[in-house]
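The structure appears right after this line, and notes come after that.
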Amino acid sequence: MELHERTASVTATDGPRAIAINVGANTNLPGVRGPIYPDGRFEYLPIPEREPTRESVPTYADLDARLGFDVPERFLDLPVHLDPAFAEYPLCSTYTYGDEHGVKAGPLSKLDPGDVLYFYATLDLHGDPEAAVDWVVPGWGAYLIGEFRVEEVVTGEAYEGLAADARERFATNAHVRRDPFDAKVLVAGSDESELYDRAVPLSAPSGGTDANDLVTTLSNDSGRGPWWRRRLWFDADATVRLGRHVATHRS
């Protein structure tokens, strides 16, 4: 990866910007990561739902029959916090994301239509490491798994004041289903959004904790805690370069 010129700041405003945030199951919640396979295909596995909901929500058992790997039996009865929701993912029909944590909600609320919200997850290699493409990390690694082309951003406070028809696009979001509703921000993606078919690595092939140039050269991350849990910010120039890299990697 040839990205040696570091992006200088996050102040560029000419063109779309991007944020990448960590999502999906991990070794804390519920205690297992989603898989990545030797050819770079992967499975997005959401975290469990830990809060009361206004209505019943899917369980891991509901997903198990629709995914290409077996969810560990001990998790099957747990309800799922299906967020982000990708229209092409089982039991989803829209692109929405909600967040109740101010550390992420604040920056997300500043996204404009046309900006990009990337999602990344830590994934475990399932299969023969010797057969893996050279960018799949032995053991676990961090990977981009999908993106929203931002169409609408609504703060939690603003959502509470919306008319019923304006709320409709968020009706199935996991935070809207919670009782009480708790999102500090809601993001809707356009039809250009997608859950990738193959992952895009953020970890270097040497190991999951080793960030590659997409992180060290292009991003201006939040600087607190392990990088693979942090919000990664990309200014306008870095967003263009990141988008080109993602498109080339996936072609």
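The values are calculated or read from the model by the stated rules, or taken from the named source; none is laboratory data. These numbers come from a predicted model, not from an experiment. Cβ: placed from backbone, ideal geometry, glycine included. Neighbour counts: every protein chain shown. Accessible surface areas use protein heavy atoms only, side chains included; no ligands, DNA or RNA. Shrake-Rupley method; radii C 1.70, N 1.55, O 1.52, S 1.80 Å.
Points to keep in mind about this one:
- Selected residue (criterion: most open to solvent (accessible area, probe 1.4 Å)) from residues of segment 38-57 that are under 22 Å from Pro180 (Cβ atoms) and touching a His at 6+ places or on another chain (Cβ under 9 Å): Arg50
- Test: Gly34 is open to solvent by less than 50 Å² (accessible area, probe 1.4 Å), at pLDDT 95 or above and not charged (D, E, K, R): yes
- Neighbours by Cβ (under 7 Å, 6+ apart or cross-chain): first from segment 62-83, acidic (Asp, Glu); second loosely packed, with under 13 Cβ neighbours inside 10 Å: Asp64/Asp70
- A count restricted to segment 217-241 and to residues that are part of a strand (DSSP E or B) and over 30 Å from Gly161 (Cα atoms) stands at 4.
- Restricting segment 58-91 to residues that are assigned to a loop (DSSP other than H, G, I, E, B) and within 15 Å of the chain's Cα centre (by Cα), the residue that is surrounded by the fewest Cβ atoms within 10 Å (Cβ to Cβ) is Glu88.
- Enumerated strands (runs of 3 or more DSSP E) restricted to segment 165-216, each holding at least 2 residues that are surrounded by fewer than 20 Cβ atoms within 10 Å (Cβ to Cβ): 194-201, 207-211
- Count - residues of segment 107-148 that are open to solvent by 10 Å² or more (accessible area, probe 1.4 Å), farther than 12 Å from Ala20 by Cα, in contact (Cβ under 8 Å) with a residue 60 or more places away in the chain and not in a loop (DSSP other than H, G, I, E, B): 5
- Any chance Trp233 is under 17 Å from the mean Cα position of the chain (by Cα), open to solvent by 50 Å² or more (accessible area, probe 1.4 Å) and of a type in the set (Phe, Trp, Tyr): no
- Residue in segment 212-234 that is without any contact (Cβ under 8 Å) to a residue 24 or more places away in the chain and within 15 Å of Val154 (Cα to Cα) present: no
- Selected residue (criterion: surrounded by the fewest Cβ atoms within 10 Å (Cβ to Cβ)) from residues of segment 217-230 that are of a type outside the set (S, T, N, Q) and touching a Phe, Trp or Tyr at 6+ places or on another chain (Cβ under 7 Å): Asp221
- Residue in segment 115-122 that is over 18 Å from the mean Cα position of the chain (by Cα) and within 24 Å of Gly207 (Cβ to Cβ) present: no
- Failed condition for Tyr159, given (1) open to solvent by 60 Å² or more (accessible area, probe 1.4 Å); (2) assigned to a helix (DSSP H, G or I); (3) at pLDDT 95 or above: (1)
- Pairs are defined by a Cβ separation below 7 Å, a sequence spacing of at least 6 or placement on different chains, a first member in segment 190-205 that is touching a residue at least 24 places away in the same chain (Cβ under 8 Å) and of a type in the set (Phe, Trp, Tyr), and a second member that is open to solvent by less than 10 Å² (accessible area, probe 1.4 Å) and not in a strand (DSSP E or B); no pair meets this definition.
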